[in-house]
Amino acid sequence: MGALFPDTDPRIEALQIDLIRRMPPWRKMAVVESLNETVRTLAISGIKQRYPQATAEQVHRMFAEMALGAELAEKVYGRVR
């Protein structure tokens, strides 16, 4: 297998891959859950920076549109008011 990350030493990358492969499934799921929460937090922070006057409901709706796409967000949450 070629390098996944060209800026990472191949020996370190091989070690990382080996550690991930040996992780129990519950731990892999916990890592993914943590990464998802981090991405969600960063996205919401970005929305709040761009729209400082937005209400919590508006921020939630903008995040939904970002995560789901406009069409699905409208189906789930209704039209933007």
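Within the range 10-61, the residues that satisfy the criterion of being β-branched (Val, Ile, Thr), surrounded by 10 or more Cβ atoms within 10 Å (Cβ to Cβ) and closer than 25 Å to residue 80 by Cα are 39, 41, 44, 47, 59.
Pairs are defined by a Cβ separation below 7 Å, a sequence spacing of at least 6 or placement on different chains, a first member in the range 15-43 that is touching a residue at least 24 places away in the same chain (Cβ under 8 Å), and a second member that is assigned to a helix (DSSP H, G or I) and of a type outside the set (S, T, N, Q); the pairs so defined are 43/63; 43/66.
Looking at the range 56-66, is at least one residue of a type in the set (Phe, Trp, Tyr) and not in a helix (DSSP H, G or I)? No; the residues of the range 56-66 include none that is of a type in the set (Phe, Trp, Tyr) and not in a helix (DSSP H, G or I). Being modelled with pLDDT of 95 or more and either closer than 19 Å to residue 76 by Cβ or surrounded by 11 or more Cβ atoms within 10 Å (Cβ to Cβ) (or both) is a property that holds for residue 64.
The values are calculated or read from the model by the stated rules, or taken from the named source; none is laboratory data. As the structure is a prediction and not an experimental result, all values here were calculated from the model. When we count neighbours, we look across all protein chains shown, and the Cβ atoms used for this are built from the backbone with ideal geometry, even at glycine.
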